[in-house]
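Here the structure is laid out as structure tokens; the discussion comes afterwards.
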Amino acid sequence: MTASDYEALVYRMPGRFGSIKRARIYRDQDSFKRNLNLYVLSEDADGNFMKSSQLLKNNIKTWLNNHRMINDTIDILDARIINIRINFAAVVDYSQDKVEALNVALTEIENMFSQRLDIGQPIYISKIYDILNNLDEIVDVTNVQITNESGGRYSDQILNLKEYISADGRILYAPENTVYELKYPNLDIKGTIR
């Protein structure tokens, strides 16, 4: 059975046992056996990521035990939720209204993140630049930064994002047990227009 097969099994688990929003399985490189690490996340009433309950993880384990390969062992773990904020600076076409241009830019970035990311999925910073640069209102995007938000209404998880940005600054990679979440788009996307 492949990792994709196990992930598909988790998503096919009958609803009466609970439901998972995201699941990602990786072979445990530190294990001498065929141990697999299954990272899972649920969602709250607002559609935001949250840790799965122990009952749900127990149900997943029981479900998988009925279908897994005999030599495979599976550990079910919580994925790390890293809440992010996006800050950008752009230059507006002189014929455009700055407030309107900012609203259009904010909406486009919010649309980009309306589809929740997967566990281990990177963020393509270059795509943010492309989206903004392709707007009629924007002449140039001078900066895009992604920062980690934590505490209070956000996850307590902290990640040094600088360690995961590609050398050319185009991609923010995610550790295999981590998901990036833009939790409050109205607060977590900030733009400066000039």
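The values are calculated or read from the model by the stated rules, or taken from the named source; none is laboratory data. Because the structure is predicted, anything quoted here is derived from the model rather than measured. Here the Cβ positions follow ideal geometry from the backbone for every residue, glycine too, while neighbour counts run over all protein chains shown. Each accessible area value is taken on the protein alone, full model and side chains, heavy atoms only, with ligands, DNA and RNA left out. Shrake-Rupley method; radii C 1.70, N 1.55, O 1.52, S 1.80 Å.
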Yes or no: I70 without any contact (Cβ under 8 Å) to a residue 12 or more places away in the chain, over 13 Å from the mean Cα position of the chain (by Cα) and open to solvent by 10 Å² or more (accessible area, probe 1.4 Å)?
yes
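If I filter the range 5-48 down to residues being farther than 30 Å from R153 by Cα, of a type outside the set (A, V, I, L, M) and part of a loop (DSSP other than H, G, I, E, B), which single residue comes out as most open to solvent (accessible area, probe 1.4 Å)?
Pass one, the range 5-48, residues farther than 30 Å from R153 by Cα: 5-6, 8-9, 12-14, 27-36.
Retained after the next criterion (residues that are of a type outside the set (A, V, I, L, M)): 5-6, 12, 14, 27-35.
Filter once more, so that each one left must be part of a loop (DSSP other than H, G, I, E, B): 12, 14, 28-33.
Details: R12: 155, P14: 34, D28: 34, Q29: 154, D30: 139, S31: 36, F32: 210, K33: 152 Å².
Of everything passing the filter in the range 5-48, F32 is most open to solvent (accessible area, probe 1.4 Å).
Out of everything in the range 100-123 that is β-branched (V, I, T) and surrounded by 14 or more Cβ atoms within 10 Å (Cβ to Cβ), what residue ends up being nearest to V40 (Cα to Cα)?
By that ranking, first place goes to I119.
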Which of the residues belonging to the range 78-95 are crowded, with 17+ Cβ neighbours inside 10 Å and either assigned to a helix (DSSP H, G or I) or not basic (K, R) (or both)?
A79, I81, I82, N83, I84, I86, F88, A90, V92
For the range 124-194, list the strands (runs of 3 or more DSSP E) that sit wholly inside it and hold at least 1 residues that are of a type in the set (F, W, Y) and surrounded by fewer than 12 Cβ atoms within 10 Å (Cβ to Cβ); which are they?
none
